1. Quote the charge dipole size of the chain about the Cα centre in Debye, to the nearest 20; the model charges only the Cβ of Lys and Arg (+1) and of Asp and Glu (-1).
2. Excluding residues fewer than 8 places away in the same chain, name every one of the aspartates and glutamates whose C-alpha is closer than 15 Å to that of residue 63.
3. Name the residue from 162, 104, 187 whose Cα lies farthest towards the positive end of the charge dipole of the stretch 56-206, charges +1 on Cβ of Lys and Arg and -1 on Cβ of Asp and Glu.
4. Kindly write out, for the stretch 9-19 in residue order, the coupling ³J(HN,Hα) from the Karplus curve 6.51 cos²θ - 1.76 cosθ + 1.60 (θ = phi - 60°), rounded to whole Hz, with x marking Gly and Pro.
5. What's log10 of I(q)/I(0) for the stretch 56-167 at q = 0.15, 0.23 Å⁻¹, Debye sum over Cα points only, no solvent?
6. Only Lys, Arg, Asp and Glu count, each charged at its Cβ (+1, +1, -1, -1), so figure out the dipole size of the stretch 2-71 about its Cα centre, rounded to 20 debye.
7. Rg and Dmax of the chain over Cα atoms: what are they, in angstrom?
8. Which order, highest average first, do 56-69, 80-93 follow once you tally other Cβ atoms within 10 Å for each residue and take the mean per peptide?
Amino acid sequence: MISENIWEQLIFTIGEIAIILVIGFFLFSLIVVGISFYSIKKGRFYFPSLVKSGIVMTEGMAKGICKFFGLDDKELTAFSINLHNTMNQTAFSNVLPEKRAIFLPQCLRNSACPANLTPEGLICRRCGRCEIGAHIDVLEKMGYKIWIAPGSTLIKRMVKKYKPEAVIGVGCIVEVREGLELLDKINLVGMGVVTLKDGCVETLLNWHDLMDVAVLGIEEEIQG
Ligand code: SF4
């Protein structure tokens, strides 16, 4: 009889703890979404460390809350990428350009691109059909190592082989978010630049967005 009571008490307590945890998680997600959208509205970051880890921890719930309130969850992801970049800005600026890498997505190329696929990605032939060639020249002059990546496997392989200390990843919003999470896990300083148009061919990039990140911490004379 006594042991039955103890079991009942135990199950009741576990149930209570579970309910408290679910409610706590929901409230935390709500706070993260609230601070994020308030920050977007005000154009400045409030509680950046809390919000950054909060978005990662509560991603599914936060998206559900966005949907419930009719908010665009893409806006939340874009915000988390901006936040990530802002928090990494100083660390990124302190890395020498020779120790930085840039990964461009192959979808930025012209559909008639004559680049050859090699074990180190696509090698641009500077044909002038898209803007990649001209920008690679400028960025390489600054010291960057650049790859046109046909997929994430190449990125992982090149990071392992060349061991950059900082990486700029260009891609659609989902690719950039996943890439930054991966870089965080392997303790590499990552900066994300999101393309203007998603898709598999002839996507669009505002090259000024990439150059704004690329010049961070670099002297004017090196920028050319
Ligand atoms: S400039 Fe380079 S990447 Fe662009 S289409 Fe020509 S070869 Fe391809």
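Just so it is clear, none of the values below were taken in a lab; they were calculated from the coordinates. This structure is a prediction, so every number in the text was calculated from the model and none was measured. Cβ coordinates were reconstructed from backbone atoms using ideal geometry, including for glycine residues, and neighbour counts include every protein chain displayed.
1. On the way: 23 positive and 24 negative charges, 115 e Å.
Result for the chain is approximately 560 debye, rounded to the nearest 20.
2. 72, 73, 75
3. Positive-most Cα among the choices belongs to 162.
4. Here the 3J(HN,Hα) series is 4, 5, 4, 4, 5, 4, x, 4, 4, 4, 5 Hz.
5. Here log10 of I(q) over I(0) equals -0.83, -1.20.
6. Details: 6 positive and 4 negative charges, 165 e Å.
With Lys and Arg at +1 and Asp and Glu at -1, about 800 debye.
7. So, for the chain, Rg and Dmax equal 22.1, 85 Å respectively.
8. On the way: 56-69: 15.9, 80-93: 17.4.
The packing order, highest mean first, is 80-93, 56-69.
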